[in-house]
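Trainee: This is the structure I want to talk about, given as structure tokens.
What follows is calculated from the coordinates using simple rules that are stated; it is not laboratory data. Just so it is clear, the structure is predicted and the values come from calculations on it, not from any experiment. Here the Cβ positions follow ideal geometry from the backbone for every residue, glycine too, while neighbour counts run over all protein chains shown.
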Amino acid sequence: MSWSLSKHEEEALLAAAGHLRYEYFVKKTCDEERLFSLWGDGWVLATDTAGNPLVPVWPHSAFAERCAVEAWKDCTPREIPVLDWLRSWTPELVTEGQSVAVFPISGDLGVLVDPQRLAVDLRAELAKY
């Protein structure tokens, strides 16, 4: 079960700069041992300005749900255990040459990172526990 996200916390994060949302994402993903993406007929993909595919991820289902609009309107948030992300998703994304859009919000793709960089940051945070 996900932590209870307060309205104040949600609003503060939606107003925060991308790098602060990234730091929050890493910490909360490790605290909760899970992250979220959107699922429709498969996992959704975003694209950067050059058209490269990005896998969007969020620390809480509420943020993913906020992005389930327009092309993603029929999609729902799905949980991904952080260890599954590290063991399965990261190598697959590296093989496919895809990047990760960490904590996108309306009008902002979030922080675009290489999956290996994200894995390093997640493992460093997990090592603190």
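Trainee: Using Rg/Rh (Cα atoms, Kirkwood Rh) as the read-out, say which of [x] 0.93; [y] 1.00; [z] 0.98 was calculated from these coordinates.
Mentor: Recomputing Rg/Rh (Cα atoms, Kirkwood Rh) here picks out [x].
Trainee: Also: Based solely on its DSSP helices, what 222 nm [θ] is calculated for the chain when runs of n ≥ 4 H residues each add -39,500 (n - 2.57) and the sum is averaged over all residues, nearest 500 deg cm²/dmol?
Mentor: Numbers: 5 runs with 49 residues, N = 129.
Result for the chain: -11000 deg cm²/dmol, rounded to the nearest 500.
Trainee: Net charge within 12 Å of Thr76 by Cβ-Cβ distance, Lys/Arg positive one each and Asp/Glu negative one each, not counting Thr76 itself? Could the numbers behind the result be given before it?
Mentor: Numbers: positive: Lys73, Arg78; negative: Asp41, Glu65, Asp74, Glu79.
That sum, taken over residues with Cβ under 12 Å, equals -2.
Trainee: Just tell me, in residue order, which DSSP H segments of the chain are both 30 angstrom or longer along the helix axis (alpha-carbon based) and at least 0.0 in mean Kyte-Doolittle hydropathy.
Mentor: Details: long enough: none.
None clear 30 Å together with a mean of 0.0.
Trainee: What net charge do the residues around Phe25 carry, taking every other residue with its C-beta under 11 Å from that of Phe25, with Lys and Arg at +1 and Asp and Glu at -1?
Mentor: Working: positive: Arg21, Lys27, Lys28; negative: Glu23, Asp31, Glu32, Asp121, Glu125.
Once all neighbours under 11 Å are counted, the net charge is -2.
Trainee: Where Lys and Arg each count +1 and Asp and Glu each count -1, what net charge lies around Phe63 among other residues with Cβ under 11 Å from its Cβ?
Mentor: Residues close to Phe63 contribute a combined charge of 0.
Trainee: Continuing with this model, one more query. What is the spin-label model distance, in nm, from His8 to Glu33 if the labels are put 7 Å beyond Cα along the C-beta direction?
Mentor: 2.9
Trainee: Note the full-extension length gain between Leu83 and Ala71 as 0.36 nm times their separation in residues minus their Cα-Cα distance, in nm to one decimal. Kindly include the intermediate steps, with their values, before the conclusion.
Mentor: Working: separation 12, 0.36 × 12 = 4.32 nm, distance 2.89 nm.
Separation in residues times 0.36 nm, less the Cα-Cα distance, equals 1.4 nm.
Trainee: Would you mind working out the magnitude of the charge dipole of the chain relative to its Cα centre, with +1 at each Lys and Arg C-beta and -1 at each Asp and Glu C-beta, to the nearest 20 Debye? Let's see the in-between values first.
Mentor: Details: 12 positive and 20 negative charges, 46 e Å.
With only Lys, Arg, Asp and Glu charged at Cβ, the dipole is about 220 debye.
Trainee: Another question, if that's okay. Normalised by the number of residues in the chain, what is the relative contact order in percent for Cα pairs under 8 Å and 6+ residues apart? Don't skip to the answer; put the middle values down first.
Mentor: On the way: 187 pairs, mean separation 35.4, N = 129.
Rounded, it is 27 percent for the chain.
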